[in-house]
């Protein structure tokens with residue numbers, strides 16, 4: 001019963017964050033399952049990745065319909081490239097071994113944390129913010145985030161949004177809309193096939209986390225559209241880096 005309540009709270013909390021900032025909360029979810037509930041890294045990644053096959057960001061996207069419609073071509077490119085290359089990322093995960101994946105996952109948390117802080121350094125006001133990015137770069141981003149998503153069981157929205165903001169100087173809501181829309185279809189299907197084959201999915205957890213995340217995602221997106229995210233991202237970054245340190249300590253004392 002306690003575990004059930006913890007999972008429901010986790011899904012609601014991460015779902016709200018996912019809609020609020022458009023960055024998803026899969027890294028938090030995986031880390032919590034591993035560090036608090038004692039689940040293996042592979043099972044945590046496979047479970048969260050499978051949960052993301054459903055239309056988790058649907059309610060969040062409904063608050064950003066205009067931004068989504070203007071980017072439909074890039075959304076299709078992102079979905080296709082992500083879906084294909086997520087399989088290769090999952091293959092890499094099982095070739096590396098669980099201990100190595102945990103180390104790389106902790107390093108990824110630090111990188112994501114740093115990326116959340118970099119956009120705080122605003123570009124000059126005279127540089128116009130974009131509503132779209134070049135098609136070629138969308139393809140490259142889809143490939144890279146697909147591999148990373150399959151390797152670590154995350155939706156990679158935590159990498160997309162900072163990249164859109166920092167590299168391409170996109171408008172905040174357009175960046176959030178593009179990330180959420182790409183992750184709406186079952187883009188992790190390739191990776192799911194590999195994790196399922198390895199038996200690294202807890203289907204009961206998938207159901208609980210999906211329902212609670214789906215409910216909270218809409219409220220988060222609604223509030224995030226009007227929010228100033230600077231302070232939120234600073235806290236988010238510090239928490240990610242802190243979790244990474246805990247990961248490294250656990251690896252040190254269990255290996």
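The values are calculated or read from the model by the stated rules, or taken from the named source; none is laboratory data. Predicted model only: the values in this text are computed from it and were never measured. Here Cβ is always computed from backbone atoms with ideal geometry, including for glycine, and neighbour counts include all displayed protein chains.
I'm trying to understand the selection: among the residues of the stretch 117-142, which are more than 11 Å from residue 77 (Cβ to Cβ), under 23 Å from the mean Cα position of the chain (by Cα) and modelled with pLDDT of 75 or more?
117, 130, 131, 132
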Subset of the stretch 145-173 [buried (at least 23 other Cβ atoms within 10 Å of the Cβ) and out of contact with any helix residue (DSSP H, G or I) (no Cβ under 8 Å at 6 or more places or on another chain)]: none
Across the stretch 41-55, what is the total count of residues that are surrounded by 24 or more Cβ atoms within 10 Å (Cβ to Cβ) and modelled with pLDDT under 85? 1
